[in-house]
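Quick notes on the structure that follows.
The values are calculated or read from the model by the stated rules, or taken from the named source; none is laboratory data. A quick note: this is a predicted structure, and the numbers were derived from the prediction, not measured. Reconstructed Cβ throughout: ideal geometry from the backbone, glycine too, with neighbour counts over all protein chains shown. Just the protein is used for accessible areas: all its heavy atoms, side chains included, with ligands, DNA and RNA removed. Shrake-Rupley method; radii C 1.70, N 1.55, O 1.52, S 1.80 Å.
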Amino acid sequence: MSTFPNPNTNPSVPYPSYGISKTSKPNIKRVQFADGFEARISFGMHQNAKTWNPTWDNITEAESDAIESFLDQRANDADSFTWTPPNESSSGKYICNDWTKQINVAGYATITATFEEVFEP
């Protein structure tokens, strides 16, 4: 398993831009009975995975190439990576199934990605 490049130790990869969003979608099963009664139960051991949408705005081509190279490698080996989201105290295991690179002006790009939390041994 790899670790997403840390800007503190790898200056070729910047922190994501602020405005980052986190989505929580607990895996809760609901059963509604004819009399209106509803029962709910959380399903699974890790039932509240997070999805993050980091964006790196107007970064240099070298920085965007470093991020894209890392994500391409994870796509090739189908491996998860360790990542610590901004303002979070702990890291988790994530996968990235899609990202977009937009070239804004010569020499600069914006990368938008979707990081999905996974639970592995």
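For the chain, a Gaussian network of Cα nodes joined below 10 Å ranks Ser21, Ser12, Ser42 by mean-square fluctuation, and the top entry is Ser42.
Only bridges with both residues in the chain count here: give the DSSP antiparallel percent, nearest 5. Counting only bridges with both partners in the chain, antiparallel ones make up about 95 percent. Helix 61-77 against the longest principal axis of the chain: what's the angle in degrees, Cα atoms only, rounded to the nearest 10? Between the helix axis and the principal axis of the chain, the angle is about 50 degrees. Split the accessible area of the chain by element, probe 1.4 Å, and carbon with sulfur accounts for 50%. Summary of the geometry: the range 24-67 and the range 68-109, compared by the centres of their Cα atoms, lie 17 Å apart.
Among 31-38, 108-115, how do they line up by average Cβ neighbours within 10 Å per residue, starting with the highest?
Values: 31-38: 7.6, 108-115: 18.8.
For the peptides 31-38, 108-115, the packing ranking is 108-115, 31-38.
Excluding ligands, DNA and RNA, what is the solvent-accessible area per residue of the chain at a probe of 1.4 Å, expressed in Å²? List each step's numbers first, then the result.
Values: 7680 Å² over 121 residues.
For the chain, the per-residue accessible area is 64 Å².
The lysines within cross-link reach of Lys101, meaning a Cα-to-Cα straight distance under 26 Å and a gap of 8 or more places when in the same chain, are Lys22, Lys50, Lys93.
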